[in-house]
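Beneath this line is the structure, given in structure tokens, with notes to follow.
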Amino acid sequence: MIAVGHGGTIKAAIGLALGGQPEKGLAFDIDNCSVTRLDHIASKSVSVWRLPMVNQQPWIADASHRAMHQPAGPEVVTTKLA
């Protein structure tokens, strides 16, 4: 799901992902038009949240900002075509 929201709502979601306490999200700055990703991983035995990116600004990324071009997690696999 992709959602567009106010910075305060995004902070509350981050706080809930960090242990169910919305006030924990107040420690984060959320810039206008930035990208925050929250992954919810659930199965019969586990339910966890992952925060692979908070407040990313992809429009400023270039080759010198390699950290902004990294895969978000192990589910992203790159392959070379022959």
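The values are calculated or read from the model by the stated rules, or taken from the named source; none is laboratory data. Keep in mind it's a predicted model, so treat the numbers as computed, not measured. We place every Cβ from the backbone using ideal geometry, glycine too, and count neighbours over all the protein chains shown. Each accessible area value is taken on the protein alone, full model and side chains, heavy atoms only, with ligands, DNA and RNA left out. Shrake-Rupley method; radii C 1.70, N 1.55, O 1.52, S 1.80 Å.
Would you mind working out the accessible area per residue for segment 1-63, using a 1.4 Å probe, and quoting it in Å²?
Values: 4610 Å² over 63 residues.
I get 73 Å² per residue for segment 1-63.
Among 43-53, 24-34, how do they line up by average Cβ neighbours within 10 Å per residue, starting with the highest? Working shown, then result.
Details: 43-53: 10.4, 24-34: 13.1.
Per-residue Cβ counts within 10 Å, averaged per peptide and sorted highest first, yield 24-34, 43-53.
Determine which residues of segment 35-54 fall in the zone a paramagnetic label at Asp29 would reach in this model, i.e. backbone nitrogen under 15 Å from the point 7 Å along Cα→Cβ.
Only 35, 54 fall inside the zone, counting backbone N under 15 Å.
Just by accessible area at a 1.4 angstrom probe, what is the order of Val54, Val4, Val35 from largest to smallest? Walk me through the numbers before you get to the answer.
Details: Val54 40, Val4 150, Val35 60 Å².
Listed by decreasing accessible area, they come as Val4, Val35, Val54.
First select every other residue whose beta carbon is under 14 angstrom from the beta carbon of Val54; then total the charges, Lys and Arg +1, Asp and Glu -1. Can you show the working numbers first?
On the way: positive: Lys11, Lys24, Arg37, Arg50; negative: Asp29, Asp31, Asp39.
Here the charged neighbours net out to +1.
Probe radius 1.4 Å, ligands and nucleic acids left out: which of Ile41, Ile14, Ile2 has the largest accessible area, and how do the rest follow?
Details: Ile41 85, Ile14 0, Ile2 160 Å².
Output order, biggest surface exposure first: Ile2, Ile41, Ile14.
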